[in-house]
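Below you'll find the structure, written out as structure tokens, and then a few comments.
Every number here is computed from the coordinates shown, using simple stated rules; none is lab data. Quick caveat: nothing in here was measured; it's all calculated off a predicted structure. Note that we place each Cβ from the backbone using ideal geometry, even for glycine, and neighbour counts take in every protein chain shown.
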Amino acid sequence: MSPVDHDTTEQSEQLSEYRRREQSITLSALEPPAGGEGEERQELLTLNFGPHHPATHGVLRLLVTLQGEVVRDIKPIIGYVHTGIEKTAEDKAYWKVIPVVERMDYLAYHFNAMTFCGAVETLAEVEVPKRGEYLRVIHMELNRIMSHLVWLGTSALDLGAISMFWYCFREREKVLDLFEMSTGQRMHTRYFQVGGVIEDIPLGFAEKLSAFLAEMPTRVNQYRALLHSNEIVLQRLRGTGLLDAGRLLEFGVTGPLLRAAGNPWDLRKAAPYCSYGDFDFKIPIGTVGDNYDRFNVRFTEMDESVAIIRQALEGLPEGPWITSDRKVALPPRHELATSMEALIHHFKLVTEGLRVPPGEAYYPVESPRGELGCWVRSDGSAKPARVHMRDPSFVNLQAFSEMAEGGYIADMIATLAALDPILGGIDR
Amino acid sequence: MALRRARAAVGRASVADPATGPAGEGLGARVDPEALRVRELGASQLLRGGELEGPAQPAHLEGADLERHVEERVMTTTLEKAVAWARSNSFFPATFGLACCAIEMMSIVAARTDVARFGYEAFRASPRQADLLILSGRVSIKMAPIVRRIYDQMLEPKWAISMGACCSSMGVFNNYALVPADKFMPVDVHVPGCPPRPEALMHGVLKLRKMVLDDPDMSWRERYGAVGTEEVLPGA
Amino acid sequence: MPDATGLELIAQELGSAVLDTVYFRERATLEVEPASIRTVLARLRDRGYAFMASLHGVDYYPEEPRLGVLYELLDMGRVDRISVKLRVPCDGAEVDSAVPDRPGDLGWRTASHQEREVYDMFGVRFRDHPDLRRILMPEDYEGHPQRRDFPQGGEPVLFTYNDSKRPRAPA
């Protein structure tokens, strides 16, 4: 507001006191704040990004210390969706733990189940048949695509590219239709069991999956084309939230965040589990580790997942989909009418649960957010003595403060989006 | 001219179509669009004056014509019913996702189960602007006071839907860390499921809509005797 | 995982700090003295196990010493994992924190939140942790939930409409 420009000499007597004061204001030099000048002496403001906030991807609370708009320190406060999953799991039979543990990282439910079943299978020395492993891979990679789609939709929403949300959820519905076809549930499918998968895929699943796979690469390209050369996206994501690979490793960060910084660590390639060694796929890596790289890495991961699923579907072997060890897996229902042993096994498994020899095992998998591991301690009974889920988001969150320091609040929001935290996994 | 054509069309249609009802039906009855158009045109003709079919006359209506006009154009109801109709069709849900159910709540905003069809797509982040709290996910003991505070910050009239098994009835996890939503706030509709399908949540929201539509006086404070729970700022 | 012989070699090198070695289902675990955890971690880091994948607690009730803390280490270069376990009794559950830097021994920054979780859930105090307070439970919560003798808890299911029918003590 520039000072009013009119002849003040004769009009000043008619001007009100207010107008005279208004005219005397000049905007040239504002008084520096008391205590000295310079940017360092500006007051620091601590702002609470409360647990209820549209941009925190769940109930994450951040205490952000700001200097103007520049973020100086972030303290995340978590625990707002702590569900006591690990404690509940100690009270349930092994196969009943699976639905409990699935709800931890709620966008990667098949991975949660895989890691728990893997740990129990290690302890009980159960062999998963090939078909079971391939079906597990198909469902895990579909889940990875779905998780990245939700991430993309919500991150673009945070940045302001609101239409991405609807496009991503359109594809997500297709993935959930596939899950519903094979497992009966959209989310938290309880499909993975100790020893394999609970049921074979129905007729028509392969066709529907092939149709989805034929269409998905085009969609990923379309979404990439919408965002990757957009001027606003480039300005907001290029160079923000930078953290180099060495520092990330100190914080224990794995997954797309580490790969975006240039370190090609991926458990599917490094320590193949569940027949991942049979498939030919690439690991996308980034260059500098800023938010733009993280976006690109996840886009390309969707493409690679499509390739893996296609190979798994084409190479799907015939055979059982769950182990035939009757002490671990339920016998097929038709056997119950003819075989006494099958009936007894069924009875023991349903009432008591499977018994696992005592021991401790840690089983890591590569979830969409990084290394997801499950540590199971068994004391020989039908209930686990301790189940600990090593959640990637919980560990990745420690690096968030350093990623966002020195940037603006808007960059902090973009970094939080690219971090892909899932509060269910963080809080368990 | 238009009127004569429309009448002719209705004349042709009404022989076969029994759905054309008498004029002046209440809200919600099936109204044949052709017949409605005819009545509308007839009513505006009435206002313009005089005969329904004939040269236009200067407008003034009285007596039976006026009554007929009012019958066909105007509907009476109570203020509460009208307000309830407006309120029920324009919930502003608060963006309040806690856990897995939040993803299915996001799905109802997405294109397949489109909540905008019903008018509820305006999710407001600020509780002061929202009137529907969809508690989607498990409420832990650390979060419960915050949920309560958000609910208190919402302005009357407000409603709450407890989505999913966890907030309605502890769900899969009946343990030390969770609190059922009914323990600390009144809930109007519980939607079961783990997580409930988007269609199930939509059914729950529409059930709430029906509840609000039918019972205009839905203020929860009177129902539950819950005075003194408004959020009061310190020093006020 | 280092195989059984490899594990024994590592144990020999670490000397008196190692109480026990377990090689089970092709997974190697070293049980160490709680007082020497920093030295063990530093030596394993020098050997290549530079990535701490997980830090978590266990309650071995009713065996004593009751509380255990596990460190899952990973050697990314050789794709090798090893677990380090230490056990402390319930009273006197104090362990050196893995977080702070020491002269000649870089701290493990990833342990920060994870040690807070072990403290919160089991009550193991970590000496010199930069910020040891509860992370998942409310700050003023009493008790350590994941101990085996802590009750599961739970609430009776109550809905708004049947609140008046809740069983109450006779007036």
What list of ³J(HN,Hα) couplings, whole Hz, do you get for segment A:387-397 from phi and the Karplus terms 6.51, -1.76, 1.60, once you set θ to phi - 60° and write x for glycine and proline?
10, 10, 9, 7, 8, x, 5, 4, 7, 4, 5
In segment A:176-191, whose amide N lies under 16 Å from the spot 7 Å out along Cα-to-Cβ of A:Leu203? List them in ranges.
A:182
Taking the Cα centre of chain C as the origin, how large is its charge dipole in debye, to the nearest 20, when only Lys and Arg (+1) and Asp and Glu (-1) carry charge on their Cβ atoms?
420
Give a quick list of trypsin sites (Lys or Arg not before Pro) in segment C:57-114 that DSSP marks as loop, anything other than H, G, I, E or B, with at most 15 other Cβ atoms within 10 Å.
C:Arg78
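Over all residues in C:127-135, what is the mean tally of Cβ atoms on other chains that come within 10 Å of each residue's Cβ? Kindly include the intermediate steps, with their values, before the conclusion.
Details: counts 0, 0, 0, 0, 1, 0, 0, 2, 8.
Average neighbour count from other chains, rounded to a whole number: 1.
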Which pairs in the list A:Lys75/B:Lys142; B:Lys142/B:Lys207; B:Lys81/B:Lys210; A:Lys96/A:Lys348 are over 19 Å apart, alpha-carbon to alpha-carbon?
B:Lys142/B:Lys207
May I ask you to evaluate 6.51 cos²θ - 1.76 cosθ + 1.60, the Karplus curve with θ = phi - 60°, for each residue of segment A:97-102 and list the ³J(HN,Hα) values in order in whole Hz, giving x for glycine and proline?
6, 4, x, 5, 6, 4
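Given contacts defined as C-alpha pairs under 8 Å and at least six residues apart, what's the relative contact order of segment C:23-171, whole-number percent? Provide the component values of the computation, followed by the final result.
On the way: 238 pairs, mean separation 27.9, N = 149.
The value is 19 percent.
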³J(HN,Hα), Karplus 6.51/-1.76/1.60, whole Hz, each residue of segment C:25-34, x for Gly, Pro:
6, 6, 10, 9, 10, 10, 9, 10, 5, x
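May I ask what percent, to the nearest 5, of DSSP beta bridges between residues of the protein assembly as shown are antiparallel?
Details: 55 of 74 bridges.
The antiparallel fraction comes to roughly 75 percent.
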Enumerate the amide H contacts of B:Ala160 below 5 Å, restricted to partners 5 or more residues apart or on another chain; note that Pro and chain-start residues carry no placed amide H.
B:Leu133, B:Asp188, B:Val189
Amide H proximity to A:Arg61 below 5 Å, modelled H, separation 5+ or other chain, gives A:Ile77
Roughly how tilted is helix A:291-314, in degrees to the nearest 10 and between 0 and 90, from the longest Cα axis of chain A?
20
Pairwise label distance in nanometres, A:Ala225 with B:Phe184, each label 7 Å out on the Cα-Cβ vector
5.0
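Which whole-number percent is the relative contact order of chain A (Cα, under 8 Å, 6+ apart)? Present the calculation step by step, with values, prior to reporting the outcome.
Numbers: 775 pairs, mean separation 102.9, N = 428.
After rounding, I find 24 percent.
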Sequence neighbours fewer than 8 away in the same chain don't count; with that in mind, list the lysines whose C-alpha is under 23 Å from C:Lys85.
A:Lys87, A:Lys383
Charge-dipole axis of the protein assembly as shown as Lys and Arg at +1 and Asp and Glu at -1 on Cβ define it, positive-most pick from A:Phe400, C:Trp108, A:Thr338
A:Thr338
What angle, in degrees between 0 and 90 and rounded to the nearest 10, separates the Cα long axis of helix A:409-419 from the longest principal axis of the Cα atoms of chain A?
10
By how many degrees, 0 to 90 and rounded to 10, does the Cα axis of helix A:163-183 deviate from the longest principal axis of chain A?
10
Hey, can you grab everything whose amide H is under 5 Å from the amide H of C:Ala53? Only 5+ residues off in sequence or another chain; H modelled, so Pro and N-termini drop out.
C:Glu72, C:Leu73, C:Leu74
Averaged over C:58-71, how many beta carbons belonging to a partner chain fall within 10 Å of each residue's beta carbon?
2
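Tell me the relative contact order for segment A:48-157 as a rounded percent, counting alpha carbon contacts under 8 Å between residues six or more apart.
Numbers: 92 pairs, mean separation 15.7, N = 110.
RCO, segment A:48-157: 14 percent.
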Between A:Asp325 and A:Glu125, what is the label-to-label distance in nm when each label sits 7 Å out along the Cα-to-Cβ direction?
0.8
Looking only at lysines whose Cα falls under 20 Å of A:Lys269's and that sit 8 or more positions away or on another chain, we get A:Lys130, A:Lys282
Between segment A:69-115 and segment C:42-102, how many Å separate their Cα centres?
21
Inter-chain shielding metric for B:157-166, i.e. average beta-carbon neighbours from other chains within 10 angstrom, reads 1
Are there GluC sites (Glu not before Pro) in segment A:297-353 that DSSP puts in a loop and that have at most 16 other Cβ atoms within 10 Å, and which ones?
A:Glu318, A:Glu352
